Amino acid sequence: MKLVFAGTPEVAVPALDALIASDRHEVAAVITRPDAPAGRGRRLVASPVAERAEEAGIEVLKPVKPRDEDFLARLREIAPDCCPVVAYGALLPKTALDVPARGWVNLHFSLLPAWRGAAPVQHAVMAGDEVTGASTFLIEEGLDSGPVYGVLTEEVRPTDTSGDLLTRLAFAGAGLLAATMDGIEDGTLHAVPQPGEGVTLAPKITVEDAQVQWSAPALRVDRVVRGCTPAPGAWTLFRGERLKLVQAVPVFDRTDLAPGELSVGKNNVYAGTGSHAVELLWVQPQGKKPMKAADWARGVRIAPGELLGL
């Protein structure tokens, strides 16, 4: 098939690579979000998908909005058979959905209908799911509600951050998306409607969502820290300033600390929760680089009974 691939962040690059490497399909063009300011100088930088497509000599389309008439006209000129999508980042209007004869097929990082939305991996980690996965489905106008072509499963490991899990799913999902294109092309794969039960939503995680609540149990604190790593980053307040929590682990034999109460040893920093303590391993003070929590504690000279979260 002639394909037009839509995607933006680094997590979409493995799927693009898999389709470029396929000897059954041609990636005629790539659609991605417009260049965005990045770094201290805030200079405009192309998306990872745009950079990879340019390296491969593939035409790159960067519409401000997918309903822009110039973009739609070029898409019709290319006349793709199918448009595979991975984390493109913009809603597709019906005028775009109607262009490819075999539709737009999204690689979504959950076992649909669970975790429909922008942040499925983060929500899976924060909810304590033991298994998640990826699905390929035909895009409709609803939110991740279209019929499913294929799925794969992936164990959520006890120490996984959302970044760890998403990286594994990106590479495994690349193979799933390529196999889905093959099955659509040769007619052996047919989309099956999603069940009506088991629908959960995964909206974008906000900075407010990432604030640690020390009255919650230690397992919940652990899941919030892992689920919000690397973005947007779990955080708390310390002496009126934000402190990012990069890594923290539950300590099940310590129950002597009040929620948010800090206890500092020679090489350890503990914080109380609504159940057991957690050990802070890595933190990032405001305006500084990540550091070992013990080094941070020595530098700020924590007083006995001092609290996080106030």
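The values are calculated or read from the model by the stated rules, or taken from the named source; none is laboratory data. Predicted model, so just to flag it, every value in this text is computed and none were measured. Heads up, the Cβs are rebuilt from the backbone with ideal geometry, glycines too, and the neighbour counts pull from every protein chain shown. For the accessible areas, the whole protein counts, side chains as well, though only heavy atoms, and no ligand, DNA or RNA atoms are used. Shrake-Rupley method; radii C 1.70, N 1.55, O 1.52, S 1.80 Å.
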Over the Cα atoms of the chain the radius of gyration and the largest Cα-Cα distance (Dmax), both in Å, equal 22.3, 69
Candidates LEU165, LEU61, LEU177; GNM for the chain (alpha-carbon contacts under 10 Å) flags as most fluctuating LEU61
Percent antiparallel among DSSP beta bridges confined to region 11-112, nearest 5, equals 35 percent
When the charge dipole of the chain is computed with +1 at the Cβ of Lys and Arg and -1 at the Cβ of Asp and Glu, the Cα pointing farthest to the positive end, of THR255, CYS82, ALA127, is that of THR255
For the chain, the charge dipole (Cβ of Lys, Arg +1; Cβ of Asp, Glu -1; about the Cα centre) points to a positive end, and the Cα of LEU165, GLY117, ALA271 closest to that extreme belongs to ALA271
Looking only at lysines whose Cα falls under 28 Å of LYS289's and that sit 8 or more positions away or on another chain, we get LYS204, LYS244, LYS266
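Over region 56-141, average the accessible area per residue using a 1.4 Å probe and give it in Å², no decimals.
42 Å²
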For THR159 and ILE78, extending 7 Å from Cα along the Cα-Cβ vector and measuring point to point gives, in nm, a value of 4.2 nm
Region 6-161 -> Rg/Rh from Cα coords, Kirkwood Rh, value 0.98
Measure of exposure for ARG33: accessible area at 1.4 Å probe, Å² rounded to 10, is 70 Å²
Site LEU219, offset 7 angstrom along Cα→Cβ, radius 14 Å on amide nitrogen, limited to region 250-275, gives 250-252, 274-275
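Output the relative contact order of region 57-145, whole-number percent, from Cα pairs under 8 angstrom with separation of 6+ residues.
On the way: 108 pairs, mean separation 23.5, N = 89.
Result for region 57-145 is 26 percent.
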Once all protein chains are kept in place, SER275 shows an accessible area at probe 1.4 Å, nearest 10 Å², of 40 Å²
From the Cα centre of region 282-310 to that of region 65-124, the distance in Å is 43 Å
Taking every other residue with Cβ under 11 Å from the Cβ of LEU92 and scoring Lys and Arg +1, Asp and Glu -1, one gets 0
Per 5 angstrom bin, beginning at 0 and ending with the bin that holds the maximum distance, the Cα pairs of region 48-94 fall in percents of 5, 16, 26, 33, 18, 3, 0
Under a Gaussian network model of the chain whose springs join Cα atoms within less than 10 Å, the largest fluctuation of LEU219, LEU281, LEU44 belongs to LEU44
For the chain, percent of DSSP beta bridges that are antiparallel (nearest 5) comes out at 70 percent
Carbon plus sulfur, as percent of the 1.4 Å-probe accessible area of region 1-64, comes to 49 percent
Per-residue accessible area, 1.4 Å probe, largest first, puts GLU140, GLU208 in the order GLU208, GLU140
To the nearest 0.05, the calculated FRET efficiency linking LYS288 and HIS190 through their beta-carbon distance, R0 being 51 Å, is 0.40
With the 1.4 Å probe rolled over protein heavy atoms, region 253-310 has an accessible area per residue in Å² of 57 Å²
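Heavy atoms only, probe 1.4 Å: what % of the accessible area of region 182-296 goes to carbon and sulfur, would you let me know?
Values: 3270 of 6080 Å².
In region 182-296, the share of accessible area belonging to carbon and sulfur is 54 percent.
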Row for region 179-303, column shape: gyration tensor on C-alpha, a ≥ b ≥ c, rounded if a/c < 1.5 i.e. under 1.5, prolate if a/b over b/c, else oblate; value prolate
Extension length gain for GLU140 and ALA118 (0.36 nm per residue less Cα distance), in nm, is 6.4 nm
